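The values are calculated or read from the model by the stated rules, or taken from the named source; none is laboratory data. Note that the structure is a prediction, hence the values are computed from the model and not measured. In this analysis, Cβ positions are derived from the backbone assuming ideal geometry, glycine residues included, and neighbour counts consider all displayed protein chains.
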Amino acid sequence: MKTVKGAPRNISTPIIGRIKKGDTSLSLGKDIILATPNVPRWTFGTLAVVTTQDTKKGNSLASVSVTEEDFHSLNEGDVIRINPNGSIEVMWESTSQQNAIFVTDFCNSACIMCPQKTSDKLKSYSELNKRILSLVQNGETVEHIGITGGEPTVCLDSLIEILSTCKSKFPKAAISLLTNGKSLSDFAVARRIVDANPNTTYCVPIYAPTDVDHDAIVGVPGSFQQTITGLYNLARFMRPVEIRIVLIKQNYQRLEALAEFIYRNMPFAIHIAIMGMETSGIAGDNLDSVWVDPKDYQQELQKGVAELHRRNMNVSIYNLPHCLLPKALWKFARSSISGWKKVYLSQCENCCVKEDCGGTFATSVRQSSYITPV
């Protein structure tokens with residue numbers, strides 16, 4: 001999530017609220033964090049103030065001082081958390097259609113190229129998510145919400161509550177649930193989840209066409225069988241499924257075989273996303289064993305995309321800049337990296353296709369050595 005750093009005053013515990021900009025009226029409400037260049041002397045009921053000024057000693061207001069640039073990056077209606085150290089986390093961006101709800105940082109897989117640091121203790125962020133969703137305004141205009149983790153389905157009751165809340169509060173929103181699909185192998189669990197919100201697309205990764213190779217990447221024996229069973233349960237409920245493939249050293253040479261496997265066994269998939277790796281988190285720790293420069297697997301990528309496209313399956317390429325792809329694949333490339341962590345490198349400044357390119361991960365510890373302006 002987008003985070004800015006400021007200088008705090010009178011903040012001893014995290015404060016979560018919705019931003020109101022530029023209004024210095026006396027009473028703004030108990031859920032409001034006032035964002036203003038000029039710190040008012042009194043604001044009854046306001047949770048805190050975000051300002052570009054140095055807050056005065058003796059002022060009892062909870063406040064945090066930020067730079068002009070960071071101040072202007074915050075928008076009316078944003079839901080933020082101000083931490084005692086002065087960091088401001090944007091939990092919900094009012095102007096974005098890429099907002100995500102983070103259910104848990106625990107996962108029942110141990111993927112060797114996971115871009116996060118997962119926890120070995122099961123913990124749900126149910127109360128935090130209820131607070132965030134209660135503060136979001138203009139639910140009728142929200143078009144898309146991502147639900148992610150860790151593995152969201154391991155906190156089943158919390159996930160069901162989130163899906164149900166989204167159904168009522170954001171009736172037009174398309175939900176993308178990022179899940180490894182293993183919990184969905186239990187038919188009763190799958191039924192509970194799919195009944196909670198019919199506007200949900202299930203984004204499920206398959207990394208290889210065999211259980212031996214897939215499970216070696218996922219790090220848990222039996223994962224392949226559980227994921228395939230979960231996908232078939234979703235098909236029984238006629239729910240939309242997106243298959244995701246992250247390309248790493250261990251699987252890129254089998255991409256064409258995996259494409260064939262998906263076509264033969266999952267013709268119900270509405271979309272297949274073939275993805276470049278984000279080299280952060282566990283992937284960053286395992287970089288020497290999982291890294292392959294995207295330029296080195298372009299032949300395999302072309303074959304895999306062609307295998308799916310010629311059979312009328314909807315296929316896209318995520319997380320890879322245009323300069324690493326042959327022109328024949330540009331039409332499949334999507335701008336898929338979230339805005340808060342998308343970056344264009346210095347060598348991209350004069351690229352003639354920059355406006356169409358999805359950029360690279362600012363979070364990655366290694367970038368391709370072949371990134372160059374077109």
- prompt: If we scan the stretch 272-281, do we find a residue that is farther than 22 Å from CYS114 by Cβ, within 19 Å of the chain's Cα centre (by Cα) and either buried (at least 16 other Cβ atoms within 10 Å of the Cβ) or not assigned by TED's automatic domain parsing to the domain that holds TYR318 (or both)?
  reply: no
field: Within the stretch 117-138, considering residues that are in contact (Cβ under 8 Å) with a residue 60 or more places away in the chain and charged (D, E, K, R), the one surrounded by the most Cβ atoms within 10 Å (Cβ to Cβ)
entry: ARG131
message: Just to confirm my filter: which helices (runs of 4 or more DSSP H) fall fully inside the stretch 188-266 and include at least 1 residues that are touching a residue at least 60 places away in the same chain (Cβ under 8 Å)?
response: 211-218, 223-236
query: Does the stretch 79-96 contain at least one residue that is surrounded by fewer than 18 Cβ atoms within 10 Å (Cβ to Cβ) and basic (Lys, Arg)?
result: no
- prompt: Looking at the stretch 63-104, what strands (runs of 3 or more DSSP E) fall wholly within it and have at least 2 residues that are in contact (Cβ under 8 Å) with a residue 12 or more places away in the chain and closer than 15 Å to THR148 by Cβ?
  reply: 87-92, 100-102
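Taking the criterion of being at positive phi, surrounded by fewer than 19 Cβ atoms within 10 Å (Cβ to Cβ) and not aromatic (Phe, Trp, Tyr), would at least one residue in the stretch 330-351 satisfy it?
So far as the stretch 330-351 goes, no, none of its residues is at positive phi, surrounded by fewer than 19 Cβ atoms within 10 Å (Cβ to Cβ) and not aromatic (Phe, Trp, Tyr).
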task: Considering each residue of the stretch 209-265, count those that are within 15 Å of VAL290 (Cβ to Cβ), polar (S, T, N, Q) and crowded, with 17+ Cβ neighbours inside 10 Å, and give that number.
output: 2
statement: ASN129 passes all but one of the listed conditions (1) more than 14 Å from the chain's Cα centre (by Cα); (2) assigned by TED's automatic domain parsing to the domain that holds VAL204; (3) not in a helix (DSSP H, G or I); the exception is number (3)
message: Name the residue that is farthest from TYR252 (Cα to Cα), counting only residues in the stretch 188-208 that are among the polar types (S, T, N, Q) and surrounded by fewer than 20 Cβ atoms within 10 Å (Cβ to Cβ).
response: ASN199
- request: Check whether at least one residue in the stretch 284-301 is in a loop (DSSP other than H, G, I, E, B), in contact (Cβ under 8 Å) with a residue 60 or more places away in the chain and of a type in the set (S, T, N, Q), and report yes or no.
  value: yes
message: Report every pair of residues separated by at least 6 positions or lying on different chains whose Cβ atoms are under 8 Å apart, first residue within the stretch 157-184 and acidic (Asp, Glu), second in a helix (DSSP H, G or I) and surrounded by fewer than 17 Cβ atoms within 10 Å (Cβ to Cβ).
response: ASP157/SER126; GLU161/SER126; GLU161/LYS130
message: Suppose we filter SER124, SER134 for residues that are at pLDDT 95 or above, more than 28 Å from GLY276 (Cβ to Cβ) and out of contact with any His (no Cβ under 7 Å at 6 or more places or on another chain); which single one remains?
response: SER134
